[in-house]
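Worksheet: the structure to be examined is printed underneath.
Any read-out appearing in this document is the output of simple, stated calculations on the displayed coordinates, not a laboratory observation. Model, not experiment: these values are computed from the prediction.
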Amino acid sequence: MSEVARDYQARITGFAPFTEWSFAGIDFDGFRSSECMLQEAKARYDQFFDPEDGEPRLFFSLGGGERKIMRQASAQARATRANPPSQLNWYFMEPIAHEYFARLFLLDGLGIRTLLQP
């Protein structure tokens, strides 16, 4: 994890760097108990997308980066749905990645709330 990603995760979640929250056997970046809100923070992901059309760069798609993110999101969404009233927010530092994954999560019916939070 880069220093920027580590700092972003800590800022979003309020957890100390390198801290994960395990819930139903799945790791999350953070948890807000007052809202029963599980959190995942993604920093500097726009580098994996073409700025012209917002589509993933070839190395990200073929290298499994997109698939890895979707597997993580699906596993987190299943754990969240199976344990009401828990909720799941994914935070993105940059707009292209936010827009792309918000669309995929919606199309896949994951029920993940996505937020652009620079």
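Structure above, values below:
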{"read-out": "Counting DSSP beta bridges with both ends in segment 3-116, the antiparallel % (nearest 5)", "value": "40 percent"}
{"read-out": "Estimated 222 nm signal from helices in the chain, with DSSP H stretches of n ≥ 4 weighted -39500 (n - 2.57), rounded to 500", "value": "-12000 deg cm²/dmol"}
{"read-out": "Choice from Ala82, Ala16, Ala43 with maximal GNM fluctuation in the chain (Cα, 10 Å cutoff)", "value": "Ala82"}
{"read-out": "Two-decimal Rg to Rh for the chain - Kirkwood Rh, Cα set", "value": "0.95"}
